[in-house]
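Report on the following structure.
The values are calculated or read from the model by the stated rules, or taken from the named source; none is laboratory data. A quick note: this is a predicted structure, and the numbers were derived from the prediction, not measured. Note: ideal-geometry Cβ built from the backbone for every residue, glycine included; neighbour counts use all protein chains shown.
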There are 2 protein chains.
Amino acid sequence: MLMPEGVAIDSITGAVSPATGRYTKRLSELRELFQDRDMADKEVERLQDPVVYEIAEYRKPGSDIFFGTTTMSPGRVGREYYMTRGHFHERQDAAEVYYTQHGEGILLLELRDEQSMTVEMRPGLCAFIPPGWAHRSINTGSEKLIFVWMCNVAVGHDYGDILKRGMRKLVVARNQLPELIDNPSWGH
Amino acid sequence: MLMPEGVAIDSITGAVSPATGRYTKRLSELRELFQDRDMADKEVERLQDPVVYEIAEYRKPGSDIFFGTTTMSPGRVGREYYMTRGHFHERQDAAEVYYTQHGEGILLLELRDEQSMTVEMRPGLCAFIPPGWAHRSINTGSEKLIFVWMCNVAVGHDYGDILKRGMRKLVVARNQLPELIDNPSWGH
């Protein structure tokens with residue numbers, strides 16, 4: 001029988017205790033996300049392959065939902081801010097929520113047709129990600145961006161489409177502020 | 001098509017903006033929860049039927065999950081702290097999370113067999129409520145207790161069993177501190 005439990009969420013470090021799983025994505029694993037891959041390689045070298053983000057999760061067999069945290073480092077590759085890979089859900093009815101605990105960022109979303117959208121990420125805002133929308137988190141601040149996510153255990157993460165085509169929009173720094181522009185290499 | 005949205009959660013008032021639904025439970029509606037119903041009636045009179053708790057939710061047709069806040073007033077009826085009705089989920093695989101934003105409380109849980117459990121509620125703790133466990137929130141502090149809850153839209157709320165039988169344990173004040181005791185009138 002599954003037992004109730006109080007799970008500590010540290011809004012400064014993003015730690016989940018107890019966590020049932022964790023993984024880290026370093027810049028060398030994410031170079032394909034960025035427009036300027038030479039610059040990504042230089043940053044991997046200069047910063048000794050920094051952690052771009054880390055996922056900690058609490059998932060119990062027999063439960064229909066699970067939750068966890070994503071903790072994103074601040075940083076850029078050229079004009080592009082650090083970002084997550086981005087994914088569609090495989091299940092057609094599967095929504096998700098991202099509840100920001102610390103820092104500031106932009107949640108970039110798109111449908112399989114042409115629509116794109118952004119939702120602000122900051123403490124006190126819980127972003128609702130409806131079924132069908134691919135989503136990517138982007139840390140546009142100077143501190144860690146930490147959010148709690150929650151969804152059905154069976155959502156299914158489809159990373160392939162976004163990795164292959166990119167997203168239609170990019171979030172880039174312009175005079176130190178985030179700006180949304182068209183992705184010049186989308187689909188290639 | 002459902003659109004993404006940033007939903008503001010006010011951790012001081014418990015407000016959800018935009019909310020898609022809201023309801024309030026006043027003491028007169030909850031008198032049956034307490035051991036001392038004469039005292040409950042007196043408190044209804046004395047405090048002009050105070051709000052014991054309020055639920056605000058964000059629920060979109062087409063989404064498999066939804067979330068909201070519960071905002072509980074501090075207060076007691078005799079030795080018993082203000083509490084929610086308590087419920088089982090109708091769906092056998094349906095878990096829930098309660099992420100405390102403000103205040104302090106106790107989450108009281110029980111299975112249909114004899115097992116009871118408590119989980120502490122305080123900011124930074126996300127309580128995991130596994131399938132099969134009835135759950136009731138109890139505000140043991142002197143301030144509002146506010147938590148964000150999240151679960152599948154189709155969990156189904158079965159309030160009847162707990163209303164009829166009560167829960168096996170009570171949380172009562174003893175020297176101003178919460179104490180867990182057996183419910184002398186359980187099942188009656």
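With the requirement that a residue be free of Cβ contacts under 8 Å to residues at least 40 places away in the same chain, among the acidic types (Asp, Glu) and surrounded by fewer than 15 Cβ atoms within 10 Å (Cβ to Cβ), what does segment A:1-51 give you? Answer for segment A:1-51, where residues must be free of Cβ contacts under 8 Å to residues at least 40 places away in the same chain, among the acidic types (Asp, Glu) and surrounded by fewer than 15 Cβ atoms within 10 Å (Cβ to Cβ): A:Glu29, A:Asp38, A:Glu45, A:Asp49.
Considering each residue of segment B:59-74, count those that are in a loop (DSSP other than H, G, I, E, B) and either crowded, with 22+ Cβ neighbours inside 10 Å or in contact with a Lys or Arg (Cβ under 9 Å, 6 or more places away or on another chain) (or both), and give that number. Outline the logic, then answer.
Narrowing segment B:59-74 to residues in a loop (DSSP other than H, G, I, E, B): B:59-64, B:73-74.
The next check asks that each one be either crowded, with 22+ Cβ neighbours inside 10 Å or in contact with a Lys or Arg (Cβ under 9 Å, 6 or more places away or on another chain) (or both); those that pass are B:64, B:73-74.
Residues that pass the stated criteria total 3.
When A:Cys151 is tested against (1) at positive phi; (2) in contact with a strand residue (DSSP E or B) (Cβ under 6 Å, 6 or more places away or on another chain); (3) of a type outside the set (Asp, Glu), only condition (1) is not met. Any residue that is basic (Lys, Arg) and away from chain B (no Cβ under 12 Å) - is there at least one of those in segment A:117-129? Taking every residue of segment A:117-129 in turn, none turns out to be basic (Lys, Arg) and away from chain B (no Cβ under 12 Å). Taking segment B:178-188 as the range and being in contact (Cβ under 8 Å) with a residue 24 or more places away in the chain and assigned to a strand (DSSP E or B) as the test, the residues that pass are B:Pro178, B:Leu180.
Within the span defined as segment B:96-108, one or more residues are at the interface with another protein chain (Cβ under 8 Å from one of its Cβ atoms), more than 30 Å from A:Glu90 (Cβ to Cβ) and not β-branched (Val, Ile, Thr). Just one residue in the set B:Ala19, B:Ala56, B:Ala40 is in contact with a helix residue (DSSP H, G or I) (Cβ under 6 Å, 6 or more places away or on another chain) and either within 14 Å of chain A (Cβ to nearest Cβ) or in a helix (DSSP H, G or I) (or both); that residue is B:Ala40. Entry remark, segment B:132-177: residues being outside any strand (DSSP E or B) and within 14 Å of chain A (Cβ to nearest Cβ) number 7 in total.
Taken as a whole, the structure leaves B:Arg122 outside the set of residues that are out of contact with any Leu (no Cβ under 6 Å at 6 or more places or on another chain), more than 23 Å from B:Thr71 (Cβ to Cβ) and among the basic types (Lys, Arg). All conditions in (1) surrounded by fewer than 23 Cβ atoms within 10 Å (Cβ to Cβ); (2) modelled with pLDDT of 95 or more; (3) in contact with a His (Cβ under 7 Å, 6 or more places away or on another chain) hold for B:Ile146, with the sole exception of (1).
A count restricted to segment A:77-111 and to residues that are out of contact with any helix residue (DSSP H, G or I) (no Cβ under 7 Å at 6 or more places or on another chain) and in a strand (DSSP E or B) stands at 16.
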